[in-house]
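The next block holds one structure in the form of structure tokens; read it before the comments.
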């Protein structure tokens, strides 16, 4: 397992060692000891999975304290562009985002700690997206930032994604007051 950092503190890219032969492949999708060796000591308490068609955008979501969540995300089938936005007010990268392609072929995983808004857009039909969370979902603590806020400048690679009514009503980042 190879763990690398990004230009935004806290975001980690995790590439598993994949062992394949004529039967298929095997890899460890999570190793607590490897994460601890990289300085990340996490307790995951909830696993989530979604199935989406091509062009579905989910995000940018976060949960406020005390229910803030870290997420270890990956694609089981299909492909996504995954995006994390730093919403930690005291961070020197506040308002910056990082995006990464995750798909069933590269098997790359992405760790997004608390203090980030997170979202993804699917690149293929029947994409299965999975994530481990460090805290339980709590409806009253959820928040969202508008996926296409001009001040964020995120290139999602799609002009008219399918989004939920809740995401349509999310707050523009220019008027957002972060709880972190």
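The values are calculated or read from the model by the stated rules, or taken from the named source; none is laboratory data. Everything numeric here is computed off the predicted structure, so don't read it as measured data. Because the Cβ atoms are built from the backbone with ideal geometry, glycine has one as well, and the counts that use them run over all protein chains shown.
Brief remarks follow.
- Against the criterion of being at pLDDT 95 or above and within 15 Å of the chain's Cα centre (by Cα), residue 98 qualifies.
- Considering segment 137-151, and only residues there that are outside any loop (DSSP other than H, G, I, E, B) and touching a residue at least 40 places away in the same chain (Cβ under 8 Å), the residue that is farthest from the chain's Cα centre (by Cα) turns out to be 141.
- Scan segment 159-180 for residues that are crowded, with 17+ Cβ neighbours inside 10 Å and within 27 Å of residue 51 (Cα to Cα) and the total you get is 4.
- Residue among 112, 121 that is surrounded by 23 or more Cβ atoms within 10 Å (Cβ to Cβ), in contact (Cβ under 8 Å) with a residue 24 or more places away in the chain and closer than 12 Å to residue 68 by Cα: 112
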